[in-house]
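Encoded as structure tokens, the structure appears first; notes follow it.
The values are calculated or read from the model by the stated rules, or taken from the named source; none is laboratory data. The model shown is predicted, which means the values in this text are computed figures rather than measured ones. FYI the Cβ positions are ideal-geometry reconstructions off the backbone, even for glycines, and counts take in every protein chain you see. Accessible surface is based on the protein model in full, side chains and every heavy atom, while ligands, DNA and RNA are left aside. Shrake-Rupley method; radii C 1.70, N 1.55, O 1.52, S 1.80 Å.
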Amino acid sequence: MPSRLAVLIVADLVDYSRLMGEDEAMTIGAIRELKDTHLEPKMIADGGEILKRMGDGWIIAFPSVTAALQSAMDVQTALAPHPIIKLRMGVHMGEIVEDEDDFYGAAVNLAQRLQTESPPGGVMISQDLHRQLTGDMAKAFSDAGSFKLKNIALPVNGFQWRPQPGPSSNAGEVPTICVEPISFAPADEDVAAAAADLRDQLIFRLSKRTGVRVLDEASSNANQSVYVLRARLRISGERGRLNIALVVRESGETVWNQSYDGDPTDIFAFTDDLIDKSIAGLRIQINAFDDNRIANLPDDQLSLSELRSRAAASFYQCSLESWERAHAILERALRLNPDDPMALSMRAMATIFVTSARFDPMAESQVERLAADLNQAVELSPRSDYVFSARAFFKVLSIRDPSGAIPDADRALSLNPSYHLAYNARGLAKLLAGDTTGAIADLEKAISLGESDPLLPIWLFSLSIAQHIAGRDRDAIEMIERAIQLRPNQWNYYVLLAICRRSLGDEAGASEAEVQASQLPREPSIFALLPALPEEYGDLVAQVSPQ
């Protein structure tokens, strides 16, 4: 069969299914308009060949990289003000093989996958294609980060273009972090080796994250990074400390810093613990970076991955309204790709947490939908710690199945031993199963890893409940007072504080906490989820319930 090298453009109409459901005649008219006026005439005139039409989509081949991209950009610029038509385009170059019926090749598959990651009205190209560009054409495309694409073995780096990028010319570009050598004291060989190992692990683990590009200080473009990661390791006898900070290179402003302590007697266990805690904190910061880069863009201009980033930022705003907003954003993301495992899992988490915060039973139809969504997410992304953690939360909070939740949390932790959400999910599952000791251990571990998590008060609340059930009311009081310090207007924290104080015989302290609780609105909050407890603790659940 004959083969040839081609630049392939895969294009489709955004929101085609929704538009067909709302106005079939209008949508069919839009497809004809694309075929007869906007897309096909322009690309054919620019040297393109229509290889395939697929209802709301096209595959078009060009012999020239520059001609293909310029044509794609011209079409999208002309369509930008159109009230209905928004196209997504994915572009890749490779060999295609043709016969009398069809054409084949890995390049076709990759272009199709890139198209699903393209922003509406924009163009997404592969890094391989971007390397072919020079001058203004190369500068027009911004770094969109790394994508795990369906049926593509390795992550793919993408570069994207929008006709209206917003106030900043690099809107949508992922930020870069340069990891500097870790300074250390004392200046001996073992400490130097530990510092070098910590740095290598930071680079390796951060490089696996989307939403940020990680550079070694020795790389040629390190001086162009947005952020610098600086750290200092100090060891003295049985005490060790890692100070770590993220600094804006241009201004010198420190945007995040944290200190982690440990016992360096077993240097390998010590460095592993430091890495786990550092990565857990940095993961939260990277989510914030991923939202900052798109802050000035409206939802309808965001790509699938950008919508996920905006939803994550809404989660971290920590109100019921922001979680409901995240759910709506994820609905939009799933219209762009109904099979995206991360968006499926995140939408499920939004439903689970909002329902649990309201102390509402979940409707059977919702349970069935979430079970199907999360099973699909696991099948599509079997190496994601997040999707397994989301399914674990569903099983413990929504259907009260600790025996099903614990293996999912275990799987998440086998993929990422430092993932605090997985420890939280497993801790709640063990609490529901009656394993209070195991629950406390997991929740304590989650809190030690998630000190930077804006949702930390949720887990402090859960841990204090577990400690109270275990008869450790002094520890429970310490945890709930930490939660109150972070969220001083959370009424059911004071209710739990009163319960714990009364258990210790402190009637005056309990009465004081009850007075404080009575002065606050008794309303649902994302910071107080329905406790996952065995049936015999129904009275405790009722006391902290907003209903």
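For the stretch 298-336, taking the residues that are of a type in the set (S, T, N, Q) and assigned to a helix (DSSP H, G or I), the one that is most open to solvent (accessible area, probe 1.4 Å) is identified as Q301. State whether one or more residues within the stretch 439-455 are in contact with a strand residue (DSSP E or B) (Cβ under 9 Å, 6 or more places away or on another chain) and either in a helix (DSSP H, G or I) or of a type in the set (D, E, K, R) (or both). Checked the stretch 439-455: at least one residue is in contact with a strand residue (DSSP E or B) (Cβ under 9 Å, 6 or more places away or on another chain) and either in a helix (DSSP H, G or I) or of a type in the set (D, E, K, R) (or both).
Conditions tested, residue by residue: (1) in contact (Cβ under 8 Å) with a residue 12 or more places away in the chain; (2) assigned to a helix (DSSP H, G or I).
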position: W459; (1), (2): yes, yes
position: N492; (1), (2): yes, yes
position: C500; (1), (2): yes, yes
position: G505; (1), (2): no, no
position: S511; (1), (2): yes, yes
position: P524; (1), (2): yes, no
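If you go through the stretch 100-118 and keep only what is over 16 Å from L149 (Cβ atoms) and in a loop (DSSP other than H, G, I, E, B), you end up with E100, D101, D102. The listed residues are E33, E40, E117, and the only one of them that is of a type in the set (D, E) and open to solvent by 30 Å² or more (accessible area, probe 1.4 Å) turns out to be E33. The residue list L110, L149 contains one member that is crowded, with 21+ Cβ neighbours inside 10 Å and more than 23 Å from L79 (Cα to Cα), which is L110.
The condition (being at pLDDT 80 or above and of a type in the set (D, E)) is satisfied by just one residue among E217, E253: E253.
Looking at the stretch 183-192, can you tell me whether even one residue there is in contact with a helix residue (DSSP H, G or I) (Cβ under 9 Å, 6 or more places away or on another chain), modelled with pLDDT of 85 or more, part of a strand (DSSP E or B) and over 24 Å from D266 (Cβ atoms)? No: zero hits. S418 passes every criterion in (1) part of a helix (DSSP H, G or I); (2) crowded, with 20+ Cβ neighbours inside 10 Å apart from (1). Taken together, R18, R4 contain a single residue that is outside any helix (DSSP H, G or I) and basic (K, R), which is R4.
Screening I406 with (1) under 19 Å from L533 (Cα atoms); (2) in a helix (DSSP H, G or I); (3) open to solvent by 60 Å² or more (accessible area, probe 1.4 Å) gives one miss only, at (3).
Out of V97, V75, one residue alone is farther than 21 Å from G29 by Cα, among the β-branched types (V, I, T) and not in a loop (DSSP other than H, G, I, E, B). It is V97.
Residues checked against (1) farther than 26 Å from P298 by Cβ; (2) in contact with a strand residue (DSSP E or B) (Cβ under 6 Å, 6 or more places away or on another chain):
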position: Q76; (1), (2): no, no
position: H92; (1), (2): yes, yes
position: E98; (1), (2): yes, no
position: A111; (1), (2): yes, yes
position: E117; (1), (2): no, yes
position: G122; (1), (2): no, yes
position: Q127; (1), (2): yes, yes
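Selection of first residues in the stretch 437-453 that are without any contact (Cβ under 8 Å) to a residue 40 or more places away in the chain and of second residues that are polar (S, T, N, Q) and not in a loop (DSSP other than H, G, I, E, B), restricted to Cβ pairs under 6 Å at least 6 apart or on distinct chains, gives the following pairs, ordered by first then second residue: L443/S462; A446/N424.
Within the stretch 67-78, the presence of at least one residue that is free of Cβ contacts under 8 Å to residues at least 40 places away in the same chain and of a type in the set (D, E, K, R) is confirmed.
Applying the selection to the stretch 229-238, what residues are in contact with a strand residue (DSSP E or B) (Cβ under 7 Å, 6 or more places away or on another chain) and either more than 17 Å from A196 (Cα to Cα) or of a type in the set (K, R) (or both)? The answer is R230, R232, R234.
For (1) among the hydroxyl-bearing types (S, T, Y); (2) assigned to a loop (DSSP other than H, G, I, E, B); (3) buried (at least 18 other Cβ atoms within 10 Å of the Cβ); (4) more than 24 Å from the chain's Cα centre (by Cα), each residue gets a yes or a no:
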{"residue": "V228", "(1), (2), (3), (4)": "no, no, yes, no"}
{"residue": "A231", "(1), (2), (3), (4)": "no, no, yes, yes"}
{"residue": "I244", "(1), (2), (3), (4)": "no, no, yes, no"}
{"residue": "S251", "(1), (2), (3), (4)": "yes, yes, no, yes"}
{"residue": "W256", "(1), (2), (3), (4)": "no, no, no, no"}
{"residue": "T271", "(1), (2), (3), (4)": "yes, no, yes, yes"}
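Kindly evaluate M137 against the criterion of being assigned to a strand (DSSP E or B) and either at negative phi or hydroxyl-bearing (S, T, Y) (or both). When the stated conditions are applied, M137 does not pass them. Would you mind stating whether A372 is under 24 Å from N151 (Cα atoms) and free of Cβ contacts under 8 Å to residues at least 24 places away in the same chain? The answer is yes for A372.
Please verify whether the stretch 465-476 includes one or more residues that are closer than 26 Å to A280 by Cα, open to solvent by 10 Å² or more (accessible area, probe 1.4 Å) and among the β-branched types (V, I, T). The answer is no; no qualifying residue exists. Among residues of the stretch 120-134 being part of a loop (DSSP other than H, G, I, E, B) and not small (G, A, S), the one that is surrounded by the most Cβ atoms within 10 Å (Cβ to Cβ) is P120.
Quick check: anything in the stretch 372-379 open to solvent by less than 50 Å² (accessible area, probe 1.4 Å) and within 21 Å of K208 (Cβ to Cβ)? Checked the stretch 372-379: at least one residue is open to solvent by less than 50 Å² (accessible area, probe 1.4 Å) and within 21 Å of K208 (Cβ to Cβ). Confirm whether P163 is at pLDDT 85 or above, open to solvent by 30 Å² or more (accessible area, probe 1.4 Å), touching a Gly at 6+ places or on another chain (Cβ under 8 Å) and not basic (K, R). It is true that P163 is at pLDDT 85 or above, open to solvent by 30 Å² or more (accessible area, probe 1.4 Å), touching a Gly at 6+ places or on another chain (Cβ under 8 Å) and not basic (K, R). When the residues of the stretch 1-30 are filtered to those that are in contact with a strand residue (DSSP E or B) (Cβ under 9 Å, 6 or more places away or on another chain), closer than 18 Å to P338 by Cβ and in contact (Cβ under 8 Å) with a residue 60 or more places away in the chain, the one that is surrounded by the most Cβ atoms within 10 Å (Cβ to Cβ) is V10.
Residues in the stretch 239-280 that are under 20 Å from A192 (Cβ atoms) and touching a Pro at 6+ places or on another chain (Cβ under 8 Å): R239, G240, F270. Let me confirm something: among R358, R400, which residue is at positive phi, open to solvent by 20 Å² or more (accessible area, probe 1.4 Å) and touching a residue at least 24 places away in the same chain (Cβ under 8 Å)? From the options R358, R400, the qualifying one is R400.
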